[in-house]
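Have a look at the structure below, then the notes.
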Amino acid sequence: MKAALISLGSKSSEMTTEAMKKYFEQVDMLDLKKIEVRLGKESGIFYEGKPLENYDSVYVKGSFRYANLLCSIASMLEGKVAYMPLPAKTFTTVHNKLLTHLALQQYALPMPRTYITSTVEAGKELLKKVNYPIVMKFPEGTQGKGVMFADSISSASSLLDALGALNQPFIIQEYIDTNGTDIRALVVGEKVIAAMRRKAQTEEKRANIHAGGKGEPVQLNRETINLALATAKALKADICGVDILEGPTGPLVIEANISPGLQGLGEVTGINLPDQIASFLHRKTEENISTGKKNATEKAMKELQLDGNTETPQEIITHLLFRGERILLPEWVTRMCRFTEQKEYAVRSKKGKVEIEEMK
């Protein structure tokens, strides 16, 4: 099987690509910046000006700045590769915090109170009604960037004026006091394969490792595990980092990341995360290929029997399955001929040909 990882070339991507080589016959690491998507008569995905090779599995990941390109690549690949952990729509949703919160709301997943306004004026009216401190976010951004805190209506109003001057949309969210800590859980498939508690530096409220936060391994309770899994499912992401606050009334989702860094979490937990991801990609690809072959066989069988006349000779071109020196007949043959172990058959053969006839 052939696999490709399309990314911006981060260390995490390099580690995952290397791990994938243990499971796939061929693995290519492709630079996202060298990919173009063409629509129209010459539609397709091109890498360094040449049509992209055919792959069984493609893991596409990258920064929110490339959300449209990532979505386009995944959209063009859907239905053409056996397995991708991130479908096209997921890139649009998860790379925008507002769309992420809306998706979580549809599944009634717990998160801090979140507000969206259309103008700075409307935002200032809202500031009169909320409790402080509050969090203000840009819809786009990762690693804690674009997240601001205001502990009073005056400081929040000043931030709103700045956002208005930048002509930037924004999200207002209640601040949950967790003493500067949060949880990062890494979901792969149906499991949380690793988790850590992150602690922000003194005078810093963001616990992200990239913002200077320190991590420690943590054993999650069942409620938090279920929330992480439900979040990834709501976002339709088979590989996803989920950030959770341990609130006084239970865990709350604050963010998701579909291009999660592996180094910090791997060092803290001691888990070989790239290998776990690579193994999962291989297993899902293998499962989908097997399912595809089974569906193709069933479709062929259905087409062979469309006329309902099993007396009419039917033909299909297929490979033979051997067990030692014995040939196993395809399922459609035994069904069509209605062979059973209770009857006797005459078998005639010569080079390149076998005939089996039921004895009357």
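General observations
- Positions within region 240-270 being part of a strand (DSSP E or B), out of contact with any Leu (no Cβ under 7 Å at 6 or more places or on another chain) and surrounded by fewer than 23 Cβ atoms within 10 Å (Cβ to Cβ), in sequence order: ASP243, GLU246, GLY247, GLY250, ASN257
- Residues satisfying the stated conditions in region 193-202, i.e. surrounded by fewer than 19 Cβ atoms within 10 Å (Cβ to Cβ) and assigned to a loop (DSSP other than H, G, I, E, B): GLN201, THR202
- MET15 vs. criteria in contact with a strand residue (DSSP E or B) (Cβ under 8 Å, 6 or more places away or on another chain) and outside the structural domain of LYS191 (by TED's automatic domain parsing): no
- Criterion violated by SER57 - all others in (1) farther than 22 Å from THR90 by Cβ; (2) in contact with a helix residue (DSSP H, G or I) (Cβ under 7 Å, 6 or more places away or on another chain); (3) of a type in the set (S, T, N, Q) satisfied: (1)
- Where helices (runs of 4 or more DSSP H) fall entirely within region 94-192, none has at least 1 residues that are aromatic (Phe, Trp, Tyr) and in contact with an Asp or Glu (Cβ under 7 Å, 6 or more places away or on another chain).
- The residue that is farthest from ALA278 (Cα to Cα), counting only those in region 8-22 that are surrounded by 16 or more Cβ atoms within 10 Å (Cβ to Cβ) and touching a residue at least 40 places away in the same chain (Cβ under 8 Å), is SER10.
- Filter result for the condition that a residue is among the basic types (Lys, Arg) and buried (at least 16 other Cβ atoms within 10 Å of the Cβ), over LYS41, LYS61, LYS80, LYS33: LYS61
- Being within 19 Å of LEU281 (Cβ to Cβ) and touching a residue at least 24 places away in the same chain (Cβ under 8 Å) is a description that applies to GLU53.
Okay, residues lined up against (1) within 22 Å of the chain's Cα centre (by Cα); (2) at pLDDT 90 or above; (3) under 23 Å from VAL147 (Cα atoms):
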residue: VAL218; (1), (2), (3): no, yes, no
residue: ALA232; (1), (2), (3): yes, yes, yes
residue: ASP243; (1), (2), (3): yes, yes, yes
residue: THR312; (1), (2), (3): no, no, no
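- In region 330-360, the residues that are surrounded by 11 or more Cβ atoms within 10 Å (Cβ to Cβ) and in a loop (DSSP other than H, G, I, E, B): PRO330, PHE339
- Condition met for ILE45 (under 19 Å from the mean Cα position of the chain (by Cα), closer than 27 Å to GLU287 by Cα and of a type in the set (A, V, I, L, M)): no
- Considering residues of region 106-126 that are aliphatic (A, V, I, L, M) and free of Cβ contacts under 8 Å to residues at least 24 places away in the same chain only, the residue nearest to GLU223 (Cα to Cα): ALA108
- Among the candidates ALA4, ALA74, residue that is of a type in the set (Gly, Ala, Ser), at pLDDT 95 or above and part of a strand (DSSP E or B): ALA4
- Close pairs (6 angstrom Cβ cut-off, 6 or more residues apart or separate chains): in the same structural domain as ASN221 (by TED's automatic domain parsing) and without any contact (Cβ under 8 Å) to a residue 12 or more places away in the chain in region 243-255, buried (at least 22 other Cβ atoms within 10 Å of the Cβ) and not in a loop (DSSP other than H, G, I, E, B) anywhere: none
- Restricted to region 94-134, and to residues there that are of a type in the set (Ser, Thr, Tyr) and exposed (fewer than 15 other Cβ atoms within 10 Å of the Cβ), the residue that is farthest from ILE244 (Cα to Cα) is THR119.
The values are calculated or read from the model by the stated rules, or taken from the named source; none is laboratory data. Keep in mind that what you see is a predicted model, and the values were worked out from it rather than measured. Note that each Cβ is placed from the backbone with ideal geometry, even for glycine, and that neighbours are counted across all protein chains shown.
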